[in-house]
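A short reminder: the numbers here are calculations on the coordinates, not readings from a lab. Not measured: the values here are computed from a predicted model. Reconstructed Cβ throughout: ideal geometry from the backbone, glycine too, with neighbour counts over all protein chains shown.
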Amino acid sequence: MSVRVVARIRPLLDGEHEKDIIVRADTAEAGKPNTIVKIPSPKNGAEDFSFAFNSVYDQSTSQETLYNSEVQPLLKSLFQGLDVTLFAYGVTGTGKTHTMRGGLKLADRGVIPRLLSGVFRRGKKIAKDSDGDTSVTVALSYYEIYNDKVFDLLEPPEQRTPMGLPLRAEAGGRTVVCGLTERRCDDLRDFEKLYIEANNNRVTAATKLNAHSSRSHAILRVKVTQSGPDCVRESTASAIDLAGSEDNRRTDNGKERLVESAAINKSLFVLSQCIDAISRGDRRVPYRESKMTRILSLGQNHGITVMILNLSPLRSYHLDTLSSLNVSSRAKRIEVREIENEVVYKQFPKSSVAAAHGGGGLGGGK
Ligand code: ADP
Ligand code: MG
């Protein structure tokens, strides 16, 4: 299965004008859903470039529609033991944080709180349907990668070590962060409290460094553990709000931002190189050249990956929009192996019982 790549064009904000719109959603065939983004050639405004995606969401798309179409259907796979990765890619100001986190009002809530709500609901149902045989627990980790260093967002910023946390490669190709806090979360209210606190930590830390949180990658990891009488099944959903992909040569950054921009640009540059290498079928993919790409390990991770490309419709973003369209339209060709995580047996596996609980997903291999 490939990485699913979808584009979302944000609406005009206050003070922006209809006449400056240059990015449009289009359909490949009359009456079919939108799958194409059209943007004029920067050299010849009369000529349009078209980029095809798995789906394209226009200005009018609500948070609910995006979640219901792209994320809700993945819950079933998550509970079957597949890891799910969702990431938002795009220029600063195009709606990545709005898409992932969203606003406080119910209708404005983004993918992350909706995902958690779906996980809790499904977990409760599984526990209930099993008559208490299966318990489902949810644990959260939340961290950011800033200047190629990993910082735990569930810890207060004062406790940060300047070096950040190290990574470790696990069997099966997964990369994990060592020493990351994991907090158990039993309901949506628990989650919201933690999440708000952690996002405040993110802003405080950024302010201290005279930086901005759009310059770091924020990664939320939701670990779902289903514990039956005989086996434990674990899977994770990761939601990633990447740093802005703008080309800093084109934005006027002060000197103090130079080091920072270079590190952010490097990880996003490595990401685009990984995407290129994988889509060409190269044997060497430069994952290891940045922490973000090690963690994301596109095409190596077992599971389902959805990339959401956030776009501004405005002319003032023209070149950056084209560059992010280029990167993400190549990502579609990445193959992801859809392999369920292995079930871990408690002491004495009784195969007959285990099979009844496993629902066909046992053994991890396909
Ligand atoms: P990014 O995280 O990519 O830098 P933001 O999510 O902060 O961008 O979005 C920039 C601004 O646009 C914010 O004020 C946000 O509320 C608004 N915005 C983005 N997408 C939408 C949308 N789909 N509907 C309404 N407002 C949006
Ligand atoms: Mg943001």
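Alpha-carbon geometry of the stretch 1-113: the Rg and the Dmax are 15.7, 50 Å, given in that order. Each label point was placed 7 Å from the Cα along the Cα-to-Cβ direction; for residue 288 and residue 133 their separation is 4.6 nm.
Placing pseudo-labels 7 Å out from each Cα toward the beta carbon at residue 48 and residue 72 gives an inter-label distance of 3.0 nm. Loop-resident GluC sites (Glu not before Pro) (DSSP state other than H, G, I, E or B) in the stretch 42-94 with no more than 10 further Cβ atoms inside 10 Å of their Cβ: 47.
Annotation: extensible slack from residue 176 through residue 41 equals 44.5 nm (criterion: 0.36 nm per residue apart, minus Cα-Cα distance). Exceedance of the 22 Å cut-off in Cα-Cα distance is limited, within the set 76/128; 76/96; 149/266; 105/291, to 76/96; 105/291.
A DSSP coil position with no more than 11 other Cβ atoms inside 10 Å describes the following trypsin sites (Lys or Arg not before Pro) in the stretch 11-96: 43. Considering only DSSP beta bridges where both residues belong to the stretch 1-81, give the percentage that are antiparallel (nearest 5). The answer is about 75 percent antiparallel.
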